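The values are calculated or read from the model by the stated rules, or taken from the named source; none is laboratory data. Please read these numbers as outputs of a predicted model, since none were measured by experiment. Here the Cβ is made from the backbone with ideal geometry for all residues, glycine too, and neighbour counts use every protein chain on show. Remember, those area values only see protein heavy atoms, side chains included, never the ligands or the DNA or RNA. Shrake-Rupley method; radii C 1.70, N 1.55, O 1.52, S 1.80 Å.
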Amino acid sequence: MTNAVDRLLAGEAGQPPRADARRNVERLVAAARSALAEVGVEVTAQEIAQRAGVGKGTFYRRVPSRETLLQVVLEEVLDEMISTADRALADPDAWRGFTDFASVYVRLRAESCGANEALGGAGIPGLDRLLAEIRTRIRHLVEAAQSAGRMRRDIAWQDVAFLLAGVSTDSRTIGLQADNDQWSRNLRIVLAGLANHDSCDPPAESPWTPIGNTASAAPSSAASPRG
């Protein structure tokens, strides 16, 4: 997996970058990642440059554009999710693999506004391939856990994707303030609901309409939830 710094430097022709140039790129990537987490995909180039402690001139000498910088940083985050899913799929205990993936996936979503927005399809183009890979892996993880008898079979994998997305919570509701671990408690409740307590559950009659390849299908906007 190529990190965001190396992806940006790979676009520079000629000799390897000077040490000071690499340091500036590293600072910009770190600043962009923290800004994405706190502000989201609407963060400006000026704010990223300020966080990195560089001028806008240095910013544009080191990266082609704000959008390119945000894209490579988000690619790095999504690659982390994919690597976590691949390790989970290799786990001989399918339920443990799924829950380990779910914990990392939800934590990354909860900790980064930008990652959560990108996974929701907003703001940054060029991420379709990685989103498709994440969909495929979630489907495989769900199917493996169901085949092992550890996850309810009356739930479609697309339902699981939405449940995991819904674990990250707003900071406030009905006058209550969430703490930093609210997502973790939400996830435990969701996992308890997904766990199989009755091996006789029938397979789900999925309402989802595949788009393109079934392995990476997204739910149709016209699909209705089951009643």
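Spacing of the modelled spin labels on residue 68 and residue 20, each 7 Å from Cα toward Cβ, amounts to 2.2 nm. If you model segment 76-203 as an ellipsoid using its alpha carbon gyration tensor, with each semi-axis the square root of five times an eigenvalue, the axes come out at 24, 20, 12 Å, biggest first. Ranking 147, 171, 83 by solvent-accessible area of protein heavy atoms (1.4 Å probe, all protein chains present), from largest to smallest, gives 147, 171, 83. Quarter the surface of the alpha carbon convex hull of segment 66-114 and you get the mean projected area, 3.3 square nanometres. Of the residues 152, 61, the one with the largest accessible area comes first in the ranking 61, 152, computed with a 1.4 Å probe on protein heavy atoms. Extension gain, residue 170 to residue 197, is 6.7 nm, computed as 0.36 nm per intervening residue step minus the present C-alpha separation.
Peptide packing: for 159-166, 30-37, 89-96, 114-121, the average count of neighbouring Cβ atoms within 10 Å per residue gives the ranking 30-37, 114-121, 159-166, 89-96, highest mean first. Karplus-based coupling profile of segment 84-100, in residue order and whole Hz: 4, 5, 5, 5, 5, 5, 7, 6, x, 9, 5, 5, 4, x, 4, 5, 5, with θ = phi - 60° in 6.51 cos²θ - 1.76 cosθ + 1.60 and x standing for Gly or Pro. Take residue 38: with every protein chain present and a 1.4 Å probe, its accessible area is about 120 Å².
Relative to one another, the C-alpha centroids of segment 32-76 and segment 89-127 are positioned 22 Å apart.
Near the amide H of residue 151, within less than 5 Å, lie the amide hydrogens of 146, 196, all on another chain or at least 5 residues away, with H placed in the peptide plane.
Working note: Cα gyration tensor of segment 13-83, eigenvalues times five, square-rooted, sorted largest first, giving semi-axes of 20, 16, 10 Å.
Tell me, what is the FRET efficiency for residue 60 and residue 80 to the nearest 0.05, using R0 = 22 angstrom and their Cβ-Cβ distance as r? E(calc), rounded to 0.05, equals 0.20.
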